[in-house]
1. With springs only between Cα atoms under 10 Å, which of GLY56, GLY188, GLY90 fluctuates most in a Gaussian network model of the chain?
2. Taking the simple approach of a point 7 Å from Cα along Cα-to-Cβ for both LEU189 and ARG219, what is their distance in nm?
3. Quick check for me: using +1 on Lys/Arg Cβ and -1 on Asp/Glu Cβ, what's the dipole size of region 185-240 about its Cα centre, in debye to the nearest 20?
4. Using 1/(1 + (r/R0)^6) with R0 = 30 angstrom and r between the beta carbons of ALA32 and THR96, what's the FRET efficiency to the nearest 0.05?
5. Convex hull over the Cα atoms of the chain, averaged projected area in nm²?
6. Under a straight-distance cross-link criterion of Cα-Cα below 25 Å, which lysines are reachable from LYS238, leaving out those fewer than 8 residues away in the same chain?
7. Out of region 1-71, which GluC sites (Glu not before Pro) are coil in DSSP terms and have no more than 13 other C-beta atoms within 10 Å?
8. How much length, in nm to one decimal, is gained on full extension between ASP127 and ASP167, taken as 0.36 nm per residue of separation minus their Cα-Cα distance?
Amino acid sequence: MRFDIISIFPEMFESPFAASIIRRAVDSGAVAIHTHNLRDWTEDRHHITDDYPYGGGPGMVMKVEPLARAVEALREKNPGAPVALLTPQGTPFNQTMARALAANPGLILVCGRYEGVDERVRAHYCDLEISIGDYVLTGGELPAMVVVDALTRLVPGVLGTPESADDESHSTGLLEYPHYTRPAEFKGLRVPDILLSGDHAKIEDWRRAQAIIRTARRRPDLISRAGLTDAERLMAEKIIRGEEP
Ligand code: SAM
């Protein structure tokens with residue numbers, strides 16, 4: 001999968017992509033991440049990318065011409081890749097969106113700054129708008145990193161075991177069960193006996209129940225879409241009503 005990221009601070013991306021799984025994904029060729037300085041698509045002497053807002057008001061607005069040129073140029077280099085604008089006004093990013101986007105051959109990400117981008121960029125040069133949450137950041141760079149990270153781990157071959165991504169929170173519709181590792185006891189805190197039993201069928205059942213309990217307690221809003229059996233749904237509803245299992 002090929003990512004092209006348009007930003008006025010491309011240097012921000014160096015360190016987050018230089019370690020761990022993303023680094024290995026780049027090194028193996030599973031993904032290619034190209035960061036671009038928007039100023040390279042300016043045509044004035046001072047490489048200006050922003051201007052005062054029409055109608056007045058605070059802050060600056062990112063100009064349409066360099067962004068339009070950048071998107072047009074990168075669409076040619078990354079054919080078939082949708083263009084996503086990062087904006088707090090966009091569709092909330094989640095695992096379902098990550099899976100859908102990861103099915104594309106690439107993705108072009110437009111990072112805003114200041115008050116945001118000229119509306120004509122949003123309306124005529126972008127295919128979708130992504131928000132990473134209901135809060136306002138100073139720029140689209142951190143959101144772009146979040147999106148690239150979430151998509152990269154879904155690209156086949158990137159995670160060690162393909163099941164890793166299937167089992168996780170928000171993939172099954174449930175939050176994931178709790179994890180433990182050695183030691184079996186720490187300051188009197190014991191790992192649940194079932195996990196030490198070696199009985200894999202019972203462990204699977206326990207994990208499924210824990211995932212349902214967790215989701216019902218922490219994110220009851222997810223339960224109705226989690227594809228539970230009737231018995232599981234009854235258990236979840238009890239927990240949501242405050243009747244502990
Ligand atoms: N004035 C804009 C508004 O009220 O919608 C906010 C602009 S914000 C200060 C500057 C840039 O940061 C945005 O153009 C966007 O690219 C990025 N940004 C900020 N918060 C974001 C979020 N929650 N999700 C995605 N991008 C965000």
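1. So, out of GLY56, GLY188, GLY90, the one fluctuating most is GLY188.
2. Distance between label points: 2.3 nm.
3. With Lys and Arg at +1 and Asp and Glu at -1, about 320 debye.
4. So, using R0 = 30 Å, E works out to roughly 0.75.
5. Result: 18.1 nm².
6. Leaving aside lysines fewer than 8 places away in the same chain, those within reach of LYS238 are LYS202.
7. For GluC sites (Glu not before Pro) across region 1-71 that sit outside H, G, I, E and B with at most 13 neighbouring Cβ atoms in 10 Å, the list reads GLU14, GLU43.
8. 11.4 nm
Only the coordinates and a few stated rules stand behind these numbers; no lab work does. What you are looking at is a predicted structure, and each value in this text was computed from that prediction instead of being measured. In this analysis, Cβ positions are derived from the backbone assuming ideal geometry, glycine residues included, and neighbour counts consider all displayed protein chains.
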